[in-house]
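K.L.:
This is the structure I have questions about; it appears just below.
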Amino acid sequence: MPKKKRQPPQPGTDRYLCPADASNILGVKRHVIAEALRQAGREKPLTHTEARSWRDHPETAPGEGIAVLAAAASAKAEQEHRERQRDIEYEHRMLNLTEKVTKLLLKRAKHFRNPDAELIAQDMALRASKEMCRAHSDTCGDLGDPVLLSDLDIAALRWAGINPYDHSTWIVHRGDCPA
C-alpha cells in the first residue's frame with residue numbers, strides 16, 4: 001500500500017507560519033506563535049534560524065518575537081504555578097491523612113482502606129522500631145524502660161504486629177544483635 005504524501009501547508013495556516021522545528025526551539029505552541037505573527041501582519045513563515053536568534057538574543061527580536069517570548073514566559077510561569085499548587089495540595093492531603101492515621105492507630109485500628117494511610121502507618125511503625133532498637137538499651141532485644149516509647153509508637157508497633165517485649169517480633173535490629 002503506497003504511503004500518503006503529506007500535503008504542504010497552505011499559506012496563512014499555523015503549520016505554514018510556524019514549522020514544528022521553530023515551535024520546538026522557542027518552546028511555545030505553534031498556534032500561539034502563528035497568532036502573534038498574524039497580528040504583526042507577517043505572511044512568510046518563521047525559520048528555525050530566526051527562532052534561534054529570538055531565543056538566544058531576545059533584545060534583537062522584532063515586535064512579534066517579543067510577543068512570542070512573552071507568551072512563552074507566561075506559559076512557563078503558569079505551568080510552574082500549577083505544579084507548585086499540585087505539590088501544596090498533595091502535602092496538605094498527606095498531613096490530613098497522617099492526622100487521621102494517628103487517631104485511628106491510637107483507637108487500635110487493624111486495617112486501613114486507603115493505601116496511602118497504610119503506607120503512613122507502616123512508616124510510623126518502622127520509625128518506632130528504629131527508635132526502640134536504637135535508644136532504649138545497651139544491647140538489641142533489651143527494651144529497658146518502655147515509658148520512653150510514646151503512645152503513638154506503641155500503637156504503631158501493635159498495628160504492625162511487633163511486641164516491644166518479644167525480641168523475636170522485632171523487624172529492626174542493631175548491628176551487635178545476636179539474632
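Laboratory data are not the source of any read-out in this text; all were calculated from the coordinates shown. What you see is a predicted model, and the numbers here were worked out from it, not measured in a lab. Cβ sites come from the backbone with ideal geometry, for glycine too, and all protein chains shown count toward neighbours.
K.L.:
Pull out the extension gain between LEU119 and ASP21, defined as 0.36 nm times the separation in residues minus the alpha carbon to alpha carbon distance; nm, one decimal.
P.N.:
30.8 nm
K.L.:
Give LYS4/LYS44; LYS107/LYS130; LYS76/LYS103; LYS4/LYS76 a once-over and call out the pairs whose C-alpha atoms are over 32 Å from each other.
P.N.:
Correct reply: LYS76/LYS103; LYS4/LYS76.
K.L.:
What is the stretch 14-79 by shape, rounded, prolate or oblate, if you read a ≥ b ≥ c off the alpha carbon gyration tensor as root eigenvalues and call it rounded for a/c under 1.5, prolate for a/b larger than b/c, and oblate otherwise?
P.N.:
Taking the square roots of the gyration eigenvalues as a ≥ b ≥ c, the stretch 14-79 is rounded.
K.L.:
Next question. For the stretch 46-80 and the stretch 22-38, compute the distance between their C-alpha centroids and round to whole Å.
P.N.:
Each part's Cα centre sits 9 Å from the other's.
K.L.:
Under 20 Å between alpha carbons, and skipping anything fewer than 8 positions from LYS5 in its own chain: which lysines qualify?
P.N.:
Hits, sequence-local ones excluded: zero.
K.L.:
Next question. In nm, to one decimal, how far is the modelled label at ASN163 from the one at SER53, with both set 7 Å along Cα→Cβ?
P.N.:
With each label placed 7 Å out from Cα toward Cβ, I get 8.2 nm.
K.L.:
Right, here's the next one. Can you figure out the FRET efficiency of ARG42 with ARG82, using R₀ = 35 Å and their beta-carbon distance, to the nearest 0.05?
P.N.:
0.65
K.L.:
Work out from phi, with θ = phi - 60° and the Karplus expression 6.51 cos²θ - 1.76 cosθ + 1.60, the ³J(HN,Hα) of each residue of the stretch 83-89, listed in order in whole Hz, and give x for Gly and Pro.
P.N.:
5, 5, 4, 4, 5, 5, 5
K.L.:
Also, I was wondering about something else. If you plug each phi of the stretch 24-31 into the Karplus form 6.51 cos²θ - 1.76 cosθ + 1.60 with θ = phi - 60°, what whole-Hz ³J(HN,Hα) values come out, in order, with x for Gly and Pro?
P.N.:
Ordered by residue, 3J(HN,Hα) equals 5, 4, 7, x, 10, 4, 4, 5 Hz.
K.L.:
Still on this structure, please answer the following. Show me 86-94, 2-10 ranked by packing, highest mean number of other Cβ atoms within 10 Å first.
P.N.:
Ranking the peptides 86-94, 2-10 by packing returns 86-94, 2-10.
K.L.:
Could you run the Karplus curve 6.51 cos²θ - 1.76 cosθ + 1.60 with θ = phi - 60° over the stretch 150-165 and give me ³J(HN,Hα) per residue in whole Hz, x for Gly and Pro?
P.N.:
Rounded to whole hertz, the list is 6, 4, 5, 4, 5, 5, 5, 5, 4, 4, 7, x, 10, 9, x, 8.
K.L.:
To the nearest 0.05, how large is the calculated FRET efficiency for ARG6 and SER74 if R₀ is 45 Å and r is the Cβ-Cβ distance?
P.N.:
The computed FRET efficiency comes out at 0.90.
K.L.:
Subtract the Cα-Cα distance of ARG108 and LEU148 from 0.36 nm times their separation in residues, and report this length gain in nm to one decimal.
P.N.:
12.4 nm
K.L.:
On to the next question. Could you tally the net charge around GLY65, taking each other residue with its Cβ under 12 Å from the Cβ of GLY65, Lys/Arg +1 and Asp/Glu -1?
P.N.:
Result for the local shell: -1.
K.L.:
What ranking do 157-167, 110-120, 18-28 get when scored by the average of other Cβ atoms within 10 Å per residue, highest first?
P.N.:
Ranked by mean Cβ neighbours within 10 Å, highest first: 18-28, 157-167, 110-120.
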